[in-house]
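Computed from the coordinates by the stated procedures, all read-outs in this text should not be read as laboratory data. Values in this document were obtained by computation on a predicted structure and should not be read as measured data. Reconstructed Cβ throughout: ideal geometry from the backbone, glycine too, with neighbour counts over all protein chains shown.
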Amino acid sequence: MAVPPGRAGERLIVVGRVAGLFGVQGWIKVFSETDPRENILRYDPWVVGSAEESFRVIEGRRHGKGLIARLAGCEDRDQAAALVGREIAVRRDQLPPPQPDEFYWVDLEGLAVVHVSGQSLGRVERLFPTGANDVIVVHGERERLVPFVWGDVVKDVDFDAGEILVDWDPDF
């Protein structure tokens with residue numbers, strides 16, 4: 001599958017946040033949204049808080065049930081404290097390419113959602129997990145929740161056309 005056209009590689013993807021401090025030498029506790037959680041440590045650099053603040057990951061590891069990391073430029077507890085609560089993001093092009101028929105949610109956001117009959121249902125605002133399947137939040141003339149079930153509901157994702165083809169009751 002190709003990455004969506006345009007400047008997709010420059011988009012920032014939130015992969016976690018700085019959850020706290022660890023020790024006095026600038027280490028931080030990291031909450032990771034990657035699966036497995038240690039994958040966040042493979043990305044370098046991290047954008048922490050804003051696009052102007054990029055940090056190289058010097059080292060990181062599991063600690064108890066969580067993760068800790070040391071970033072270049074954070075030599076003591078006070079420097080690290082300024083990062084607590086901030087999101088950790090990486091550029092889209094730092095992520096590995098998805099497998100066939102797999103998609104990064106961020107790549108789907110903004111695509112048009114079209115019923116197999118040709119009726120426009122709106123655009124993908126966001127996605128969220130439910131446990132059974134992921135759900136696409138589609139905004140058009142009204143909000144629709146469409147299950148992201150590949151093959152049954154979602155028939156095709158066409159980045160070149162900028163749309164997702166679905167077989168879902170338009171009145172639902």
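Evaluated with a Cβ-only charge set (Lys, Arg +1; Asp, Glu -1), the chain carries a dipole of roughly 940 debye about its Cα centre, given to the nearest 20. Under 20 Å from a label point 7 Å along Cα→Cβ of residue 156: give me every residue in region 108-126 with its amide N that close. Flagged as within label range: 108-124.
A protection proxy built from the mean count of other Cβ atoms within 10 Å ranks the segments 40-50, 128-138, 158-168, most packed first, as 40-50, 158-168, 128-138.
State whether region 52-108 is rounded, prolate or oblate according to the following rule on the C-alpha gyration tensor (a ≥ b ≥ c being the square roots of its eigenvalues): a/c under 1.5 gives rounded; otherwise a/b larger than b/c gives prolate, and the remaining case gives oblate. In terms of gyration-tensor shape, prolate. Comparing 68, 88, 13 in a Gaussian network model of the chain where C-alpha atoms under 10 Å apart are linked, the largest mean-square fluctuation is found at 68.
Between the C-alpha center of region 112-129 and that of region 131-172 there is a gap of 5 Å.
Radius of gyration (Cα atoms) of region 82-161, expressed as a multiple of 2.2 N^0.38 Å: 1.26.
Placing R0 at 35 angstrom, the Cβ-Cβ distance between residue 61 and residue 145 gives a FRET efficiency of 0.35 after rounding to 0.05. Of the residues 57, 73, 148, the one whose Cα sits farthest towards the positive end of the charge dipole of the chain is 73 (charges of +1 on Lys and Arg Cβ, -1 on Asp and Glu Cβ, taken about the Cα centre). Of the trypsin sites (Lys or Arg not before Pro) in region 99-172, the ones in a loop by DSSP (not H, G, I, E or B) with at most 13 other beta carbons within 10 Å are 142.
What Kirkwood hydrodynamic radius do you get for region 10-94 when you take the inverse of the mean 1/r over all pairs of distinct Cα atoms, in Å?
On the way: mean 1/r = 0.0806 Å⁻¹.
Kirkwood radius, region 10-94: 12.4 Å.
Rg/Rh for the chain to two decimals, with Rh computed the Kirkwood way over all alpha-carbon pairs. Walk me through the numbers before you get to the answer.
On the way: Rg = 19.1 Å, Rh = 17.9 Å.
Checking Rg against Rh, the ratio lands at 1.07.
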